Amino acid sequence: MIWTRKDLIALSELSAEEIVFILDTAAEFKGVGQRRLKKVPSLRGKTLVNLFVEASTRTRTSFELAAVRLSADVVNITATTSSLSKGESLKDTAKNLEALAADLIVLRHSAAGAPQFLAERLQAGVINAGDGSHEHPTQGLLDVFTMRERLGRVEGLKVGIVGDIRFSRVARSNIWALTKLGAEVILIGPPTLVPREFERIGARICHRLDEVLPELDVVNLLRIQHERQKAGYFPGTGEYASLFGLNAARAARLKAGALVMHPGPIHRGVELDGSVADGPHSVILDQVTNGLAVRMAVLYLCGSVALKEEA
Amino acid sequence: MADALASDLGGEGQIFLAGIPTRGVPLARRLKEELGSRGLAAECGAVDIAMYRDDLGMRGGVAPLRGTELPIDLDHWTVVLVDDVQQTGRTARAAIDAVLGFGRPKRILFAVLADRGGRELPIRPDYTGMELSVRPGAKLRVRLAEVDDGEEGIFES
Amino acid sequence: MSHSVNIRGGRIVDPSSGRDETGDVFIADGKFAASPAPGAVEIDVRGLVVCPGFIDMHVHLREPGHGAKETIETGTKAAAAGGFTSVVAMPNTNPVADHPGIIAWMEERAAQFGAVNVFTTGAITVGSQGEQLAPIGAMANAGIVAVTDDGRCVQNHEVMRRAAEYCGLFGLPILDHCQDASTAGAEAMMHEGYWSTVLGLPGWPRMAEEIIVARDALLSEATGTAIHCQHLSAAGSVRILREAQSRGVRLSGEVCPHHIALTDESLAGYDTSFKMNPPLREQSDIDALLEGIADRTIGILATDHAPHAVYEKEVEFAAAPFGIVGLETAVGIFCEILLHRCRVIDLPRLVAMLTINPARLLNLDRGTLAAGAPGDVTILDPQREWTVERETFASKGRNTPFHGWKLRGRAVRTIVGGRTAWHLEA
């Protein structure tokens, strides 16, 4: 197949073939990261704008580094510095950026659907770096990349995703990528935070981590957000940790070779113990490295399609 | 080509035959064997030039990356780029950039099975299997057993 | 300009009298008459249906205060173009119509600029904040036909009970936008279900509507006041209505076109043309609403016409206001779905739901062809095929999810008080 998309908005839209294409491309770019000269000229002379209406240092830095390694020029715009805070509409902000010849826009926004909104209106390629609770496609891709690299395959893996599934874009992107590639997804968390609707796309739901832990090949732990506690979805981090935290005792019951993953930043003592985060099952740091390779791949692919020849 | 290479590179030291995918790769392997039978040791591998192309965005879509196999540090190596057909020189230029990303080779040479002319950049092969003049607009296809079905050879269409 | 017209040869459908026969209808000096008036305009409507003028009891005319979205003038022109001779204006204007002065302003504006009849409603509570009763009596004197906090919903049941008791004094029905704030949640922007989960958008469940419909049933029963549940969207609401009505409770309900034409799946592309409140729900809800229409649990059809400026809707989904226009597509959608596609009701029943039923609920001297009543007529062609083109709307609003839809059924002439307010160019 040939990659023909100028945007990466949602993994729910991609075919299994397209996902594998990105993973294979990312594997090549991971190789670039091991060379003497870690830079390739693919996007030289092109401009990438990181438009982070919702703040994030980690993801933004990862995209920035990926762009720079592809020789692109990078401009960072965050919510506080942008005119969006003065009431300029998202559409106008983006049109202005395009007038300044942005070729790629990486958007993180609290409103689900915002990247799609832009992609439909701009010539530039739009990469979704997280839109509300909808999707975080590069995170889903780097998670699956990590699983494939470490375990040799994705099909047939039993992957447990633990935590606040209801509000998590990371969970959704993972669920789509994994089900499309033939893994078995098990969603684990309190009933208030795990919507049953996901059964409709083939995920299994389990509210007791201890029941399902020994059969998992991968445990992907999501960050539990304080706002959910305040909004009354669960009684408190203490209770959460005792029911769903991957503490040392639970980690001892993991299959040999099982992976422990987390998109970060981690709450030691809540989602997992410090000893587990630093322990032999953990591939959390690999995820960061792989994130860079995946983002290089995505920028390379979408950037190639989005570039227009000067008339 | 092997004869010319063998006589020129006799005392060179580390030689790396870097095939440009797709067909440069089996050609590099064959050259390695030919050189071996002439008493010259060489390594071979592949350098995918996709990330170094100057025509991104002009092709309507992105083909899969083919994979690069090069030793990590090429300092002090003599690198021979190997390809099946040379025309504009842009592929060779991209290959040079790619190789330079791995280190600082002692020398870079360029060997091509068929040179069809039509240069757009001042890059000439150092070793040429044959020079062909081809109708402008015609395609030149090389068929190799490792990669293609059917009879081996060079075909114009 | 003549206010007398002889309408010849059409199929006369007047549910108020049970009439369904071919014949002539006469309007003399703006009122229905038994015989033709001299000098009247002659209109030949053979092959068409002659109905009492349609009444839309749920329209947002946006004045005062939101004239960029719509004005009384443009909104009533849209009504006429949609086949409506009367509209009932909602009070969620700016300022909220919670005071007789604002009602009087609206009544005067409508008299001057309205292309069709405009009836006003007043807020139940001051500012529709759900706390203090608004001066309902004074507003009744100013001419309101009902009270409603539409746009919002009185959350405090005791306040709603007192409103129901108080309205009894004036014989005014209460129209309720049924939405329980706690179960719906402040952020909700669509139906809570599979699609809200996949799209990552906060949704509100059916029960948030059903809870309020149930409380309205209990309050109506206890106080004897008519309570009308607006824009029903949920299956359970129909069930509760049916049960209450079976015991004679004065609880009624209305349905808007989009809630029987579309499901939450339409939101898959985050198109704000599908963002409305209450939201589009699932096929099972549509089925329940159609059943409710068929068995007369639901007696009224309305539009909830809610125009917005184009730039307001062309934003990311979370930022877009709720609502779609409806006056110019409603008759087409209702005919297409209720008469043709799903065949849930027959033509006289459809007409009743747009004429005598709302008229009776609101005590309007309308919705009938009886002699002496105001001469409002809708000439309907239930077979007419047409395609919705939003750029041709008389409304200022372009926010419709039905652009490009091919429909069967359209009003071809709208007569208000004997004067043609609009007719379809042949």
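The values are calculated or read from the model by the stated rules, or taken from the named source; none is laboratory data. Just so it is clear, the model here is predicted, and its values are computed rather than measured. Cβ atoms come from the backbone with ideal geometry, glycine included; neighbour counts cover every protein chain shown. Quick note on the areas: whole protein, heavy atoms, side chains included, nothing else; ligands and nucleic acids left out. Shrake-Rupley method; radii C 1.70, N 1.55, O 1.52, S 1.80 Å.
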ask   = Excluding A:SER275 itself, what net charge comes from residues whose Cβ is under 15 Å from its Cβ, given Lys and Arg +1 and Asp and Glu -1?
value = 0
key: the protein assembly as shown: antiparallel DSSP beta bridges as a percent of all, rounded to 5   = 30
request  = Just report the Cα centroid separation between the range A:95-143 and the range A:169-218, whole Å.
outcome  = 26
key: Rounded to the nearest 20 debye, dipole of the protein assembly as shown from Cβ charges on Lys, Arg, Asp, Glu   = 780
query = Using θ = phi - 60° and the Karplus form 6.51 cos²θ - 1.76 cosθ + 1.60, what ³J(HN,Hα) does each residue of the range A:156-166 get, whole Hz, x for Gly and Pro?
reply = x, 5, 9, 10, x, 10, 10, x, 7, 6, 3
note = Taking a straight Cα-to-Cα line shorter than 16 Å from C:LYS31, and setting aside same-chain lysines fewer than 8 residues away, one finds none
inquiry  = Once each part is reduced to its C-alpha centroid, what is the distance from the range B:40-56 to the range C:128-177 in angstrom?
reply    = 79
Among the listed pairs A:LYS6/A:LYS46; A:LYS6/C:LYS313; A:LYS46/A:LYS180; A:LYS30/B:LYS32; C:LYS275/C:LYS313, those beyond 21 Å (Cα-Cα) = A:LYS6/C:LYS313; A:LYS46/A:LYS180; A:LYS30/B:LYS32
request  = Select from the range C:321-426 those trypsin sites (Lys or Arg not before Pro) which occupy a DSSP coil region and have at most 12 other Cβ atoms within 10 Å, ordered by residue number.
outcome  = C:ARG343
query = Helix C:283-294: angle to the longest alpha-carbon principal axis of chain C, degrees 0 to 90, nearest 10?
reply = 40
query = With every protein chain present, what is the per residue accessible area of the range A:137-288 (1.4 Å probe, Å²)?
reply = 39
Exercise: per-residue mean of other protein chain Cβ atoms within 10 Å, A:27-39 = 4
inquiry  = Rounded to the nearest 100 Å², what is the buried accessible area between A and C, both sides summed, probe 1.4 Å?
reply    = 1500
query = About the Cα centre of the range C:278-377, what is the dipole size in debye to 20, counting +1 per Lys and Arg Cβ and -1 per Asp and Glu Cβ, all else neutral?
reply = 380
Reachable aspartates and glutamates, given that their alpha-carbon falls under 12 Å from the alpha-carbon of A:LYS255 and they are not under 8 places away in the same chain = A:GLU215, A:ASP217
request  = Taking the Cα atoms of chain C, report the difference between the largest and smallest coordinate on each principal axis, in whole Å and largest first.
outcome  = 62, 47, 43
task = Restricting things to alpha carbons, tell me how big the protein assembly as shown is in terms of Rg and Dmax, in Å.
result = 35.5, 120
note = Beyond 27 Å, the calculated P(r) of chain B holds a percent of Cα-Cα pairs equal to 20
inquiry  = Please compute the average number of Cβ atoms from other chains found within 10 Å of each residue's Cβ in peptide A:133-144.
reply    = 1
message = Over chain B, what is the relative contact order in percent, taking alpha-carbon pairs closer than 8 angstrom and at least six residues apart?
response = 21
key: GluC sites (Glu not before Pro) within the range C:387-426: DSSP coil, no more than 15 neighbouring Cβ in 10 Å   = C:GLU389, C:GLU425
inquiry  = If I compute solvent accessible area with a 1.4 Å probe over the protein chains, what percent of it on the range B:1-142 is carbon and sulfur?
reply    = 46
request  = Using a 10 Å cut-off on Cβ to Cβ distances, tally the other chain neighbours for every residue of C:185-198 and report the average as a whole number.
outcome  = 3
